[in-house]
């Protein structure tokens, strides 16, 4: 991930030619990882969070916390990864968007 | 001295464009959240406005593309920039009237190119810059966004399929607020910069700053505030078309669509591509219809948008060119003032026309009946 961010930032917008296939390719791949992979991870977290646990008395229909310890731990990990990825993305945008030109 | 008056008029017109850009594009970030009731309409536009404001300060690579990459700055005069902005504003208002989520960016680029062509001929346009930085991203971005959203929607439904319906809706509504916020932020990083780029271009044309200069801070601040104000005004007609017209959206779909939009827009900002956030958002929303089993996509609505997208560049360019001929025909400050009067008159006429078929935060979620406005005034209910 780090190597990736570095290489992209280095090229910035100094690309010549009619079509920048490499940039498009990167947008598709990173787009799929970030734009589809992260939502999937969020969904995994949500599902884990909803796993019913022992200590739960009554779960109402729109309650999405099931009460399983393991479930909560998995959910927390998923959400943390999602948030970290978003933070990293914004960080890259900020440094490369002001550094170039 | 009169040059400074003209410069001031150009900057005011630029900010007016920025405002239309804001309200035309509120839909990109918030249409799905409003449609699934993850956020109330007023909260949605408020949140989006604040995040656009923040986003505008995050990056400047798109502003650099606009200011230096598309037209030969040496051949651009203030009149050209002014005429281009006129074309962009009028086209934005027309598409808003019809509730079509067309690209504000293309309206702007088309307008400025049209005016440049009219003023200096085709050698003043950097065609290669236009094709590689505008046309190709424009053609590809909706497809990329649709692909990402289709995969995302499919995965999300696959994974969350066994959850209880109520808890799933609730959980993904929260996710939606997060992803829609990111789109708003991304919109700020990409779209606010377009006006910054244009105003920088005007400052270069006037000799106030040197060619290739960075965008001055006061330009960044003004543009950020204006696009936030426009976003808060909320383009309800466009919100309705995107939220209700294309696909009936459930929270998991809205979440997947917004995540896809955010990722694609932020990546493109990173490469200095001035792509259309509107086209990305629309592609994503189509994708979230394709990725869910049994969901319906209204292809006739999508087709109408496609047509609008294709004609946006040339028509905004045509209006920009006409506007340039009017201004330069009369000449000097008087010519620009005449253009300004025409611009205000046309804008007022469009606004007046919109009042007969109002869309606002109260009827934005009414059932889709094939038109932007739910029902004509005077027709029940």
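Give the calculated FRET efficiency between residue B:290 and residue A:22 to the nearest 0.05, with a Förster radius of 41 Å applied to their Cβ-Cβ distance.
0.90
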Quiz item: If one takes the longest principal axis of the Cα atoms in chain B, at what angle in degrees, from 0 to 90 and to the nearest 10, does the Cα axis of helix B:277-290 lie?
Solution: 20
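Evaluate Rg over Rh across chain B, taking Cα atoms for both radii and Kirkwood's formula for Rh.
Details: Rg = 20.2 Å, Rh = 20.5 Å.
Ratio value, two decimals: 0.98.
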Practice problem: Calculate, for residue A:94 and residue B:369, the FRET efficiency according to 1/(1 + (r/R0)^6) with r their C-beta to C-beta distance and R0 56 Å; round to the nearest 0.05. | Solution: 0.80
Exercise. Could you work out which residue, out of B:243, B:329, B:14, moves most in a Gaussian network model of chain B, that is, has the largest mean-square fluctuation with Cα springs under 10 Å?
Key: B:329
Exercise. Please give the contour-minus-distance gain from residue B:12 to residue B:341: 0.36 nm per residue of separation, less the Cα-Cα distance, rounded to one decimal in nm.
Key: 117.1 nm
Practice problem: At q = 0.19, 0.24 Å⁻¹, what is the base-10 log of I(q)/I(0) for the range B:257-313 according to the Debye formula with one equal point scatterer per Cα and no solvent? Please give it to two decimals. | Solution: -0.75, -0.99
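Express the C-alpha Rg of the range B:232-381 as a ratio against the empirical globular expectation 2.2 N^0.38 Å, rounded to two decimals. Intermediate values should be presented prior to the final figure.
Details: Rg = 19.2 Å, N = 150, 2.2 N^0.38 = 14.8 Å.
The range B:232-381 yields a ratio of 1.30.
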Quiz item: If one takes the longest principal axis of the Cα atoms in chain B, at what angle in degrees, from 0 to 90 and to the nearest 10, does the Cα axis of helix B:251-270 lie?
Solution: 30
Quiz item: Anyone know which of B:176, B:296, B:193 comes out most mobile in the 10 Å Cα GNM of chain B?
Solution: B:296
Quiz item: Pairing the Cα long axis of helix B:217-233 with the longest principal axis of chain B, what angle in degrees results, from 0 to 90 and rounded to the nearest 10?
Solution: 50
Self-check item: Inter-probe distance in nm under a simple model that places probes 7 Å from Cα toward Cβ, at residue B:97 and residue A:33
Solution: 4.7
Exercise. Describe numerically, in nm with one decimal, the distance between label points set 7 Å from Cα along Cα→Cβ at residue B:218 and at residue B:326.
Key: 2.9
Quiz prompt | Mean ellipticity per residue at 222 nm, deg cm²/dmol - from DSSP H runs of n ≥ 4 across the protein assembly as shown, formula -39500 (n - 2.57) | solution = -24000 deg cm²/dmol
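Averaging the inverse of every distinct alpha carbon separation and then flipping it gives the Kirkwood radius. What is it for the range B:133-269, in angstrom units?
Numbers: mean 1/r = 0.0579 Å⁻¹.
Value: 17.3 Å, from the Cα pair sum.
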Practice problem: Using only the alpha carbons of the range B:316-368, determine the length spanned along each of the three principal axes and report them from longest to shortest in whole angstroms. | Solution: 50, 19, 14
Quiz item: So what's the Cα pair-distance distribution over the range B:104-162, bin width 5 Å, in %?
Solution: 4, 15, 16, 16, 10, 8, 8, 7, 6, 4, 3, 1, 0
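Could you tell me the ratio Rg/Rh of the range B:1-149? Both radii from Cα atoms, Rh via Kirkwood.
Working: Rg = 17.1 Å, Rh = 17.0 Å.
Using only Cα positions, Rg/Rh for the range B:1-149 is 1.00.
What FRET efficiency do you get for residue B:349 and residue B:43 if R0 is 25 Å and r is their Cβ-Cβ distance, rounded to the nearest 0.05?
Values: r = 32 Å, r/R0 = 1.30.
According to the calculation, E is roughly 0.15.
How much of the pair distance distribution for the protein assembly as shown lies past 42 Å, counting alpha-carbon pairs only, in percent?
Values: 18361 of 115921 pairs.
Roughly 16 percent, rounded to a whole number.
Report the relative contact order of chain B, percent, no decimals, based on alpha-carbon pairs under 8 angstrom and at least 6 residues apart. Display every interim value, and only then the final one.
Working: 753 pairs, mean separation 130.2, N = 381.
Reported as a whole number, the value is 34 percent.
Any chance you could run the full-extension gain for residue B:4 through residue B:162? It's 0.36 nm times the residue separation minus the Cα-Cα distance, nm to one decimal. Write out the running numbers ahead of the final one.
On the way: separation 158, 0.36 × 158 = 56.88 nm, distance 6.53 nm.
Separation in residues times 0.36 nm, less the Cα-Cα distance, equals 50.4 nm.
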Quiz item: Which of these, B:140, B:203, B:97, has the largest mean-square fluctuation under a Gaussian network model of chain B (Cα springs below 10 Å)?
Solution: B:140
Quiz item: For the pair residue B:206 and residue B:127, how long in nm is the line joining their label points, each one 7 Å along Cα→Cβ?
Solution: 3.3
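Read the figures in this text as sums done on the coordinates, not as results from a lab. Since this is a predicted model, take the numbers as computed values, not measurements. Because the Cβ atoms are built from the backbone with ideal geometry, glycine has one as well, and the counts that use them run over all protein chains shown.
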